[in-house]
Amino acid sequence: MRIDPRYPFQNQTKACYDNYCDFYRCTRLLGEVDDCKIFKRYFQTICPNFWIEHWDELRGKGAFPGPI
């Protein structure tokens, strides 16, 4: 895993959320391109799976509270 230089500290909660949002914003704007996959790798590495599942459900319902 590579360290995201935007988040040098131990608590990775914000990095998890930001990278999740960044991935879906990137794919919405550019499609499934390789440049977006770095965000997905980051959030899949640092986010708990149950958070990702919950956020996916919210996105499916159109109720995700993030900037995507």
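Scanning region 46-68 for residues that are under 17 Å from THR13 (Cα atoms) and β-branched (Val, Ile, Thr) yields ILE46, ILE52.
Taken over region 25-45, the criterion of being of a type in the set (Val, Ile, Thr) and either free of Cβ contacts under 8 Å to residues at least 40 places away in the same chain or over 20 Å from THR13 (Cβ atoms) (or both) is satisfied by THR27, VAL33, ILE38.
Residues in region 42-68 that are surrounded by 11 or more Cβ atoms within 10 Å (Cβ to Cβ) and basic (Lys, Arg): ARG59 alone.
Rule-based calculations on the coordinates, nothing more; no lab input. On a predicted model such as this, the values are computed, not experimentally measured, just so you know. Here the Cβ is made from the backbone with ideal geometry for all residues, glycine too, and neighbour counts use every protein chain on show.
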